[in-house]
Amino acid sequence: MSKPAISIIIPIYNVEKFLPQTLSSVQNQTFTNFEAICVNDGSPDNSLDIIKQFMKNDSRFKLIDQPNSGVSVARNAGIRMAAGNYIMFLDGDDYLHPQAMEFAYNTIEKSNVDICNFGYEEVNEDEKTEFPLLIPYDYRILPDVFLKYLKREFSPVVMVWNKIYKAKFVKQTPFKPYHPGEDDVWTFEILAKIKKFATFENKLVYYVQNSKSVMHRISEERLISNYVAYTCEISASTKQMIESEKYADLRDNLIHFLNDCHREVFKNLILKPLKLKMDINIIKNNFTKYQQYINLHQEYLKPLKFKRRLTIWLLRQKYYTLAQLLTK
């Protein structure tokens, strides 16, 4: 059997309502030289049976069946199996335009870049889609895309499913076990490794607003915890880069980015829990974590604005109610 040009990795958990459309959109691509790696992440519904039905009729569909371990572990399992020259990702409740792989493949081949970014469209979960015939947009090669990321100049860059990647970069960059937030850490790491990045405007993926997805069911406390965890992960990587001669020419930008991360950590670890009037023990624990974060990065961090410094002082003095009033 010849090597596939594209491996598309589809982590699947409890999406039986959407999965037939998702897998059909892959099966019906105008580009045919691909393998679809379906990673069933311990789905309690009929997702596994749906995957097996597609496998019976199409040898391009492959299965990894594992106990529920989360989307990062599922994607990593798919990456290990992937044999294609290029890798794409698709979530189990989203779907592709019929020309998606054709356009993604042709553009990354023509542009000779490491990653190619394309457009997507948000759709409601019961929306009927009419697929327009795509006419290619001119792609743009973005020089210094990592620098653009550090400066927050290119926001769509963090999603993993609106891109096609050279497989070698994906193979050497496993996902970390955060969800939500695994996309951000992974993207930060992979962009630091690549040399050339292109983007074009064609909308190739339909991003379904699934009311039962993990993102819609996760608690505010868990969202905050995950956000802080992966921002701390990125901060640690940034500090290592600041101290590495390899990134000497980016030192000022990295320090600026680290300070952006600091403000996000402060907002999510301190301000949000105070505004939401979370349990005082959560706020105490968060303040301890914040102090540990500051100790690790202090030499590169600029002081917070006065009002935020006052919030920190109030927390140190254990004036939690006053700190809450200050954040209103």
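Where a number appears in this text, it was derived from the coordinates with a stated rule and is not lab data. Keep in mind it's a predicted model, so treat the numbers as computed, not measured. FYI the Cβ positions are ideal-geometry reconstructions off the backbone, even for glycines, and counts take in every protein chain you see.
Antiparallel beta bridges, as assigned by DSSP with both residues in the chain, represent about 30 percent of the total such bridges. This model, with +1 at the C-beta of Lys and Arg and -1 at the C-beta of Asp and Glu, gives the chain a dipole about its Cα centre of some 1520 debye. Over the stretch 219-326, the pair-distance histogram of Cα-Cα distances with 10 Å bins from zero comes to 14, 45, 29, 10, 2 percent, rounded to whole numbers.
How far, in nm, would the chain grow between Glu125 and Gln172 when pulled straight, counting 0.36 nm per residue and subtracting the alpha carbon separation? Write down the numbers at each step before the final one.
On the way: separation 47, 0.36 × 47 = 16.92 nm, distance 3.43 nm.
Result for the pair: 13.5 nm of gain on full extension.
Farthest toward the positive end of the dipole of the chain, out of Tyr319, Gln21, Asn57, is the Cα of Tyr319, where the dipole comes from beta carbon charges about the Cα centre.
If I take R0 = 45 Å and measure r between the Cβ atoms of Ile135 and Lys318 in this structure, what FRET efficiency does the formula 1/(1 + (r/R0)^6) give, to the nearest 0.05? Numbers along the way, then the final one.
Details: r = 63 Å, r/R0 = 1.41.
After rounding, the FRET efficiency stands at 0.10.
Using bins of 10 Å that start at zero, the share of Cα-Cα pairs per bin across the stretch 6-214 amounts to 8, 37, 39, 15, 1, in whole %.
What is the Cα convex hull volume of the stretch 113-163 when expressed per residue in Å³? In the stretch 113-163, the Cα convex hull volume per residue is 106 Å³. Among the DSSP helices (H) of the chain, those spanning at least 18 angstrom by Cα along their long axis with an average Kyte-Doolittle hydropathy of -0.5 or more are 220-242; this is a geometric and hydropathy rule only.
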